[in-house]
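In what follows, a single structure is set out as structure tokens and then discussed.
Each reported figure results from applying straightforward, stated rules to the coordinates on display, with no laboratory input. It should be emphasised that the depicted structure is a prediction, and the values quoted were computed from it without experimental measurement. Note that each Cβ is placed from the backbone with ideal geometry, even for glycine, and that neighbours are counted across all protein chains shown.
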Amino acid sequence: MNTCIPKYIKEKHQGGLLEKIQQASALLTACTLCPRGCKVDRTKGEPGYCTTGEKAVVASFSAHFGEEPQLVGDSGSGTIFFSHCNLKCVFCQNYDISVRGTGQAVEDEQIAGIMLHLQKIGCHNINLVTPTHVVPNILKALDIAVDCGLNLPLVYNCSGYESLETLGILKNIIDIYMPDFKFWDPELSKRYCHAKDYPGTARAAIREMNDQVGDLVVDGEGIACSGLIVRHLVMPGNLDGTYHILKFLKEKVSAHTHVNLMSQYHPMGEANNIKELSRCLRPDEFRRALDMAKQLNLEIIR
Ligand code: SF4
């Protein structure tokens, strides 16, 4: 039984949700929804870097039991995987979905139906996976779903490559931000996702997210109600980057930042064409990353 009251309920009742839908939709005509700033008119079907038109594409939805324990509980996190991506890492572990765009174009009403279905089957939250390029669709779906009784916390599960303007629109809508912080070195982010500005953009985005929702808060059952969780996929041969990211979270975001260090890196997508990415992470590398997080006294999610 969910005991958290999502932020978007109040926002909707005060009329703010409609305003936010208008603001987000206005960004689509010369698209600046994300830091790529492609300026294409997505309402006319012009594709930008994310190759998404006006409609969202959904790859899958389900009660997911592989997410963080605070999201999963005993009934699962209600994930909606959106296809395409505004970052497109060459090693993406969901390459078919993010780069090849496997999935089905859906109306916003269908997204609302999916949200309500996930609530009906007992999920603890609605977990929007790779949502950045479809924020207007999500807001419109939310408006419909709230009218039909949606009352689960909303999780924004993203790459960290976010514009401050779009995050401003999401203020008082998102309950739980769950960004990645992938790279510290701009040269690496240029090489791996064609975004030299990723590290600085992610730093600003994560600080904004923390300003909006603060540290992670759980209910009496240990299920997340609100707050920030940062994911970091430890990369082969890049522990220096891991250290800088963890130190930044501790010193510039919050001493109590909840961090999920992830060990599952293995070569996917185009990673086999890049020497340093063409092997799995070694157990000793992951142990060293964990030691760093422990020494910094961060809240490590296991
Ligand atoms: S959301 Fe897509 S089209 Fe819009 S700026 Fe980002 S990558 Fe470009």
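The modelled label-to-label distance for the pair L164/L239, using points 7 Å beyond Cα in the direction of Cβ, is 3.5 nm.
Here the relative contact order of the chain, from alpha carbon pairs under 8 Å that lie six or more residues apart, stands at 17 percent. In summary, the aspartates and glutamates within cross-link reach of K190, defined as a Cα separation below 18 angstrom excluding same-chain residues under 8 places away, comprise E162, D180, D240, E270, E276. Sparse packing (at most 14 other Cβ atoms within 10 Å of the Cβ) combined with a DSSP loop state is found for the following trypsin sites (Lys or Arg not before Pro) in segment 28-87: K39. Alpha-carbon geometry of segment 1-116: the Rg and the Dmax are 16.2, 43 Å, given in that order. Computed over neighbours whose Cβ is under 13 Å from that of Y243, the net charge equals -1, Lys and Arg +1, Asp and Glu -1.
Could you tell me the calculated FRET efficiency between L18 and D284, based on Cβ-Cβ distance and R0 = 45 angstrom, to the nearest 0.05? Efficiency, from the Cβ-Cβ distance: 0.25.
Placing a label point 7 Å from the Cα of R191 along the Cα-to-Cβ direction, the residues of segment 202-240 with a backbone N closer than 12 Å are 236-238. Fully extending the segment from D219 to N151 would add 23.0 nm, taking 0.36 nm per residue of separation and subtracting the current Cα-Cα distance.
Excluding same-chain neighbours fewer than eight residues apart, the aspartates and glutamates reachable from K140 by a Cα-Cα span under 12 Å are E19, E107, D108, E109. DSSP beta bridges confined to segment 7-300 are antiparallel in about 30 percent of cases. Legend: residue pairs K39/K196; K12/K252; K44/K88, Cα-Cα distance threshold 30 Å; pairs beyond threshold, K12/K252. The mean sequence separation of alpha-carbon pairs under 8 Å and at least six residues apart, normalised by the residue count of segment 149-302, gives a relative contact order of 20 percent. Packing here is the average count of other Cβ atoms within 10 Å per residue, and on that basis the peptides 234-241, 66-73, 295-302, highest first, run 66-73, 234-241, 295-302. A crude spin-label estimate for the pair Q104 and K120, with each label 7 Å from Cα along the Cβ direction, gives 1.5 nm. Between M268 and K294, the FRET efficiency from the beta-carbon distance, with R0 = 41 Å, is close to 0.90. The residue list N127, H232, S75 was ranked by how far each Cα lies along the charge dipole of the chain toward its positive end, using unit charges on Cβ atoms, and H232 comes out on top.
Note on the chain: with a GNM built from Cα contacts shorter than 10 Å, the maximum mean-square fluctuation among I121, I223, I80 falls on I121. Extents of segment 7-300, taken as max minus min of Cα coordinates on every principal axis and listed largest first, are 50, 46, 31 Å.
Only DSSP H runs of four or more residues enter the estimate; each adds -39500 (n - 2.57), and after division by the residues of the chain the mean residue ellipticity at 222 nm equals -10000 deg cm²/dmol.
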